[in-house]
1. Using a 1.4 angstrom probe with every protein chain in place, what is the largest-first accessible-area order of Met107, Met154?
2. In terms of solvent-accessible area of protein heavy atoms at a 1.4 angstrom probe, what is the ranking of Ile49, Ile55, Ile34, highest value first?
3. Give me the percent of accessible area attributable to carbon and sulfur for the chain, probe 1.4 angstrom.
4. Please give the contour-minus-distance gain from Val68 to Asp119: 0.36 nm per residue of separation, less the Cα-Cα distance, rounded to one decimal in nm.
5. Classify segment 106-170: rounded, prolate or oblate, from the alpha-carbon gyration tensor (a ≥ b ≥ c, eigenvalue square roots; a/c under 1.5 rounded; otherwise prolate if a/b is larger than b/c)?
6. Given contacts defined as C-alpha pairs under 8 Å and at least six residues apart, what's the relative contact order of the chain, whole-number percent?
7. Would you tell me the accessible area of Asp158, worked out with a 1.4 angstrom probe on the heavy atoms of the protein chains, in Å² to the nearest 10?
8. About the Cα centre of the chain, what is the dipole size in debye to 20, counting +1 per Lys and Arg Cβ and -1 per Asp and Glu Cβ, all else neutral?
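The values are calculated or read from the model by the stated rules, or taken from the named source; none is laboratory data. Only a predicted model underlies this, so the values are computations on that prediction, with no experimental measurement involved. All Cβ positions, even for glycine, are placed from backbone atoms using ideal geometry, and neighbour counts span all protein chains on display. Calculation scope for accessible area: heavy atoms of the full protein, side chains included, ligands and nucleic acids excluded. Shrake-Rupley method; radii C 1.70, N 1.55, O 1.52, S 1.80 Å.
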Amino acid sequence: MKKNTLQLLLLVIVILLSYNAYSQLVFEVPRDVILTTKPDYAKYNSAIIGAANWIEQTDLDKEKEKRVKVNEFVMKWISGSPTVSVPINEGVMKLIGKNSQLLMVYMSSFAKTVLEHPDVNNLVAQEKAGITSIANVYKKGIEIQKNKELERVMRLTDSELDSYIAERLK
């Protein structure tokens, strides 16, 4: 009897963990989005965070049509947001290189960090979040072209990455 109970408990735990992992990748693009006033944008803050998670976690070769829609939603929101501005500098473009699909990974992660930490105006931390997300997607090696500059930056320690970013922002 104990063995069956233990097996059942183990099965339930595995199912719950599997469901949790799956649910983290679920994101639905909001419909009928209206973005004209500041409160309109604030209404979608949690959707932007969810979109950023989805963009980073979903392999580039999966759900391509949905990726286009998610990217469009995020770009529309960022482009007009009265509270979030995502600067794209030459250094970021070098890290993206020929992997243009990484631009939305960077932008959405940067915006997510701003939204999750509204009282912290730290451009280094925001850019670091974007670069870290780019690196996470790049490491998967799915539909990615090699980028020596990004690979060099990925080898930096945490504090070296902070210094690298701070130096570029001067």
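1. Met154, Met107
2. Working: Ile49 40, Ile55 0, Ile34 105 Å².
From most exposed to least exposed: Ile34, Ile49, Ile55.
3. On the way: 6050 of 10600 Å².
Heavy-atom surface of the chain belonging to carbon and sulfur, 1.4 Å probe: 57 percent.
4. 15.3 nm
5. Here segment 106-170 falls in the oblate category.
6. Working: 130 pairs, mean separation 37.9, N = 170.
Computed over the chain, the figure is 22 percent.
7. 100
8. The dipole of the chain has a size of about 400 debye.
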